[in-house]
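> One structure, pasted below without further comment.
Only the coordinates and a few stated rules stand behind these numbers; no lab work does. From a predicted model like this one, the values you see are computed outputs, not experimental measurements. Reconstructed Cβ throughout: ideal geometry from the backbone, glycine too, with neighbour counts over all protein chains shown.
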């Protein structure tokens, strides 16, 4: 095993045999790069939150948050996202144990919770649209749909990524590359849950109160 | 199950700190998140406190607390991960977000104040010679 590792040419492409001992040292570049991507995404959401903070009180004689938001539905979708976070964590733990079936199973559960969250959000948006609370109605609703919609698009992208990862795991198993992809999507997924905390605190709860 | 968890425990320790976490840390993070989610929703949905500003402050503080819980228990971030670069980039991002948020709110609040003439301001202008 060790002689093979020595003979292996050292290049950018990390091979299967070369990482058994020092897995984390090879991942450093990718994980740090992905983290910096998440931080730039965080800045996007920061500006959208600032937009909402500035425009969120301009109702233009239209409906206010207290008229529109149904907090029990928001609580439900919050828990959908929180459950999907913990099931992704279980998936990562199964991956650490080398259990492919468990990893796939928990990933599917994560995807279902993510889809449930998206379904609730689509329901909410279509309901708002039907009662005339469209983004065109007021500056408050424009900024609301932009902020929450951007988060929803991120979750959609995460779900598509999750399906792609399921296919990759199914075809190649728990290879080093797939483990790295698992950890990147893990960061992305937990990050989306983190942004949602800001959304439900700042937009929904504080919006209904003030 | 128990046999495999034994081997994985050793494996997990070998991974070193700041790795993928363990069942325990995930469950602690999940429990804290549930509590920190339910309290603000309970406060707002049942109108527990009379003081609305106080409620908003509590909601924000608990939200920030839950974000820290997520960063530590789910994203496995700590001051040593990736030789401190994660913490460095995170604190820089937080600084920028705070500047953007507080700056926008501050500037636009003053703009609104000065653009919307109040009644006595209008009267004062009318009374000018």
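> In the calculated pair distance distribution of region B:82-129, what percentage of Cα-Cα distances lie above 14 Å?
69 percent
> If you line up the long axis of helix A:139-172 against the longest principal axis of chain A, both from Cα atoms, how many degrees apart are they, to the nearest 10?
Taking Cα atoms only, the helix is inclined about 20 degrees.
> For region B:41-116, what Kirkwood radius comes out of the mean inverse Cα-Cα distance, in Å?
15.4 Å
> When you look at the Cβ of every residue in B:68-76, what mean number of other chain Cβ atoms sits within 10 Å?
So the per-residue partner count for this stretch is 5.
> Then there's this: For helix A:23-55, what angle does its Cα long axis make with the longest principal axis of chain A, in degrees from 0 to 90 and rounded to 10?
Around 10 degrees separate the two axes.
> Write down the Å³ per residue value for the convex hull defined by the alpha carbon atoms of region A:31-209.
101 Å³
> Would you list the P(r) distribution for the protein assembly as shown, with all Cα-Cα distances sorted into 20 Å bins from 0 and each bin expressed as a whole %?
It works out to 27, 51, 18, 4, 0, in whole percents.
> Given a 10 angstrom Cα cut-off, can you work out which residue in A:163, A:148, A:108 is the most mobile in a GNM of chain A?
Sorting by GNM fluctuation, first place goes to A:163.
> Which peptide among A:165-172, A:75-82, B:36-43 comes first, and what is the full order, when sorted by highest mean count of other Cβ atoms within 10 Å?
A:75-82, B:36-43, A:165-172
> Right, another one. Over the whole of A:47-54, what's the average partner chain Cβ count within 10 Å per residue? Rounded to a whole number, please.
5
> Could you rank the peptides A:177-183, B:69-75 by their average count of other C-beta atoms within 10 Å per residue, with the highest value first?
The most tightly packed comes first, giving B:69-75, A:177-183.
> At residue A:130 and residue A:58, where each label point lies 7 Å from the Cα along Cα→Cβ, what is the point-to-point distance in nanometres?
Placing both labels 7 Å beyond Cα along the Cβ direction yields 3.0 nm.
> Mind checking the angle between helix A:71-96 and chain A's longest principal axis? C-alpha axes, 0 to 90 degrees, to the nearest 10.
0 degrees
> Also, quick follow-up: When Cβ neighbours within 10 Å are restricted to other protein chains, what is their mean count per residue of peptide A:197-204?
6
> How large is the helix-only mean residue ellipticity at 222 nm for chain A, computed as the sum of -39500 (n - 2.57) over DSSP H runs with n ≥ 4, divided by its residue count, in deg cm²/dmol to the nearest 500?
My calculation for chain A gives -26500 deg cm²/dmol from helical runs alone.
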